[in-house]
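**Student:** Let me give you the structure first, and then I'll get to my questions.
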There are 2 protein chains.
Amino acid sequence: MAGRTNTPGQTVSRRLLSVLDCFDVAHPALSLTEVATRSRLPVSTARRLIGELCAWGGLERLDDGRYRVGMRLWTIGSLAPRQRGLREAALPFMHDLFQATQENIQLTVLEGTHALCIDKISSSKAVPTMTHIGGRLPLHATGVGKAILAFSDKELLRSVADAGLARMTPHTITQPGRLAAALAEVRKTGVAYCYEEMTLGAVSVAAPVLGMDGKVRAALGIVAHSRAAVDRLAPAVRAAALGIARWTG
Amino acid sequence: MAGRTNTPGQTVSRRLLSVLDCFDVAHPALSLTEVATRSRLPVSTARRLIGELCAWGGLERLDDGRYRVGMRLWTIGSLAPRQRGLREAALPFMHDLFQATQENIQLTVLEGTHALCIDKISSSKAVPTMTHIGGRLPLHATGVGKAILAFSDKELLRSVADAGLARMTPHTITQPGRLAAALAEVRKTGVAYCYEEMTLGAVSVAAPVLGMDGKVRAALGIVAHSRAAVDRLAPAVRAAALGIARWTG
């Protein structure tokens, strides 16, 4: 993208927001040049906007000259009510699941065509995952993703399939027809499994949190070591997801 | 503040950020007029900036016409590394404390002259508190606040005292001399108590999480029903805070 500059008619506000858009889980710290490249802004513009964001507290300068997201943005972001109510309702159930299993517990919501992790509980004993709070997971290759996909409009599945079902491991479902069949099974049983389709050595089971209107609000999942473990945990995950739905409903 | 408009020389970026600044724990949803009043922007300007923030996903429009913080800001805010690393290190210790006590567990950091709650664990059995994640607590009237204050520079105590020690309950320490004496005791014992100084019926005990440089990075606290409970829990809180410090150090 280097060398291209932003649309000339773009507003100053939009440019400022495009600086924030440069940062994500894969890029939590960026240099001025990286921000300019990723936002397609001239370096001078990027420098000025970064300066304003630092003065406000939205970005912080690191000792090595790079920038990262600051506390001000964290504080404002924590006001987002969709996560807030859901997380507060879900936390006791997530704790119970964690206490009973000592495995990774994940709470996700749909964002665009990904599952966004809004909370997780883990321990050093649990199977390592690359999931961070605020991180995105593919819908077709994770338990939580399939739980969301199975209970969403057909258009979402079409968008996901059109974008291409990326192969994460040899076990990833990459054919739309096979994925649709798997989702039909999820709708029937109320739980979604993922057998090493995202990460080798990690299996997961998840259940949707449905609203009063029948729409999927979130998905709760457990990531564990073995197929036997998730088979055994499926009823617990489903019960916890139903409990969360009742509290948030 | 109504009727006053923003500094004319203020940049567009600063105006956009001042719209975001309108939202806090006490004001999670605001109307256009309220945003204009709180940001001291003309209504037409506020409307345009809100529109840009909505299009970006930083704000969302509610059915009643008000606005609240959206998922985009939550996602970017979750990248703030100060909370991120601290929270990940603290969570297992917070879980253990919660499991052992079933009381409110709070993790806070210093922000300006307040303690900012960056995580909490609670249950329906625990004593009700008004603390929300992202919410601010007074330093002089809470266990976590005193733990931070006791291990911070003297300038912070002076700033807090100069701002006035607000009386939250009849038990709040409102004299700077008495507060300084209480903090000296906190430094000696390593734990800070708060006996109904913030909320009647709620007592707390907290311990600082100190960095390798001896500076206070955070405070971990338990809020419980009775004085006997917090006296008994003090060693557990202190041990957990030391454990978090070792992990983050």
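**Student:** Which residue in A is nearest the A/B rotation axis when you measure from the C-beta atom, and what is the distance in Å?
**Tutor:** A:Gly77, 1
**Student:** With only Lys, Arg, Asp and Glu charged, each at its Cβ (+1 for the first two, -1 for the last two), find how big the charge dipole of chain B is about the Cα centre; round to the nearest 20 debye.
**Tutor:** 380
**Student:** Starting from a label point 7 Å past Cα on the Cβ side, list the distances from B:Ala180 to the same position in the other copies, nm, shortest first.
**Tutor:** For B:Ala180, the inter-copy label distances come out at 7.7 nm.
**Student:** Sticking with this one: Mean separation of Cα pairs under 8 Å and 6+ residues apart, divided by the residue count of the stretch B:81-248: what relative contact order is that in percent?
**Tutor:** Value for the stretch B:81-248: 24 percent.
**Student:** Using helices alone, I'd like the mean residue ellipticity at 222 nm for chain A: each DSSP H run of four-plus residues gives -39500 (n - 2.57), total over residue count, nearest 500.
**Tutor:** Working: 9 runs with 113 residues, N = 249.
Roughly -14500 deg cm²/dmol at 222 nm, from the helical runs in chain A.
**Student:** Starting from the Cα gyration tensor of the protein assembly as shown, take the square roots of the eigenvalues, sort them a ≥ b ≥ c, and report rounded, prolate or oblate (rounded when a/c is under 1.5, otherwise prolate if a/b is larger than b/c, else oblate).
**Tutor:** Numbers: a/c = 1.77, a/b = 1.16, b/c = 1.52.
Oblate shape, in that a/c is at least 1.5 and b/c is the bigger or equal ratio.
**Student:** For A:Leu220, what is the net charge nearby, where nearby means another residue's Cβ is under 12 Å from its Cβ and Lys, Arg count +1, Asp, Glu -1?
**Tutor:** +2
**Student:** What is the mean number of Cβ atoms from other protein chains located within 10 Å of the Cβ atom of each residue in peptide B:48-61, rounded to a whole number?
**Tutor:** 3
**Student:** For the stretch B:58-75, just list the computed ³J(HN,Hα) in residue order, Karplus coefficients 6.51, -1.76 and 1.60, θ = phi - 60°, integers in Hz, with x standing in for Gly and Pro.
**Tutor:** x, 10, 10, 8, 8, 4, 7, x, 7, 10, 9, 5, x, 5, 4, 5, 4, 4
**Student:** Follow-up. Can you classify the stretch A:81-124 as rounded, prolate or oblate using the Cα gyration tensor, where a ≥ b ≥ c are the square roots of its eigenvalues, rounded means a/c under 1.5, and otherwise it's prolate if a/b beats b/c and oblate if not?
**Tutor:** Note, shape of the stretch A:81-124 comes out oblate.
**Student:** Take the alpha carbon gyration tensor of the stretch B:12-76, find the square roots of its eigenvalues, order them as a ≥ b ≥ c, and report rounded if a/c is under 1.5; if not, report prolate when a/b exceeds b/c, else oblate.
**Tutor:** Judged from the Cα gyration tensor, the stretch B:12-76 comes out rounded (a/c under 1.5).
**Student:** Under 5 Å between amide H atoms, partner at least 5 residues away or on a different chain: which partners does A:Glu111 have, H built in plane at 1.01 Å?
**Tutor:** A:Leu116
**Student:** To continue, here is another question. Identify, among B:Leu20, B:Gly65, B:Leu41, the residue whose Cα sits farthest towards the positive end of the charge dipole of the stretch B:2-111, taking +1 on the Cβ of Lys and Arg and -1 on the Cβ of Asp and Glu, with the dipole about the Cα centre.
**Tutor:** B:Leu41
**Student:** Please list, in order along the stretch A:193-206, the HN-Hα scalar couplings obtained from phi with the Karplus expression 6.51 cos²θ - 1.76 cosθ + 1.60 (θ = phi - 60°), rounded to whole Hz, x for Gly and Pro.
**Tutor:** 10, 9, 9, 6, 7, 9, 9, 5, x, 10, 10, 9, 9, 9
**Student:** Place +1 on the Cβ of every Lys and Arg and -1 on the Cβ of every Asp and Glu in the stretch A:81-248, take the dipole about the Cα centre, and give the residue among A:Ser226, A:Ala192, A:Met130 whose Cα lies farthest towards its positive end.
**Tutor:** Of the options given, the answer is A:Ala192.
**Student:** For a quick check, take a GNM of chain B with Cα springs below 10 Å and name the residue from B:Asp162, B:Asp21, B:Asp64 with the largest mean-square fluctuation.
**Tutor:** Comparing B:Asp162, B:Asp21, B:Asp64 in a Gaussian network model of chain B, the most mobile one is B:Asp64.
**Student:** List the pairs from B:Lys125/B:Lys188; A:Lys154/A:Lys188; A:Lys125/B:Lys188 whose alpha-carbon separation is above 27 Å, in the order I gave them.
**Tutor:** B:Lys125/B:Lys188; A:Lys125/B:Lys188
**Student:** Express in whole angstrom the spacing between the alpha-carbon centres of the stretch A:15-47 and the stretch B:101-153.
**Tutor:** Value for the Cα centre distance between the two parts: 34 Å.
**Student:** Taking θ as phi - 60°, what are the ³J(HN,Hα) couplings along the stretch B:34-39 by the Karplus curve (6.51, -1.76, 1.60), each to the nearest whole Hz, with x for Gly and Pro?
**Tutor:** Each residue's phi maps through the Karplus curve to give 5, 4, 4, 5, 5, 8 Hz.
**Student:** Further question: About its Cα centre, what dipole magnitude does the stretch A:195-244 give when the only charges are +1 on Lys and Arg Cβ and -1 on Asp and Glu Cβ, stated in debye to the nearest 20?
**Tutor:** 140
**Student:** In debye, nearest 20: dipole of the stretch B:12-76 around its Cα centre with unit charges on the Cβ of K, R (+) and D, E (-)?
**Tutor:** 260
**Student:** Can you find, among A:Met168, A:Leu210, A:Thr108, the residue farthest towards the positive end of the dipole of the stretch A:81-248? Put +1 on the C-beta of Lys and Arg, -1 on that of Asp and Glu.
**Tutor:** A:Leu210
**Student:** Right, another one. Note down the net charge around A:Val203, summing +1 for each Lys or Arg and -1 for each Asp or Glu among other residues with Cβ under 13 Å from its Cβ.
**Tutor:** -1
**Student:** Considering chain A as a Gaussian network with a 10 Å cut-off on Cα pairs, which listed residue, A:Cys194, A:Cys117, A:Cys22, attains the greatest mean-square fluctuation?
**Tutor:** Of the options given, A:Cys22 has the highest mean-square fluctuation.
**Student:** If you consider only alpha-carbon coordinates, what radius of gyration and Dmax does the stretch B:42-100 have, in Å?
**Tutor:** When restricted to Cα atoms, the stretch B:42-100 yields Rg and Dmax of 17.6, 54 Å.
**Student:** Just how far, in whole angstrom, is the stretch A:197-249 from the stretch B:215-237 if you go by their alpha carbon centroids?
**Tutor:** If you average the Cα positions of each part, the centres end up 34 Å apart.
Every read-out reported here was derived from the displayed coordinates using simple, explicitly stated rules and does not represent laboratory data. Remember, predicted model here, so these are calculated numbers, not experimental data. A quick note on method: Cβ atoms are made from the backbone with ideal geometry, for glycine too, and the neighbour counts reach across all protein chains shown.
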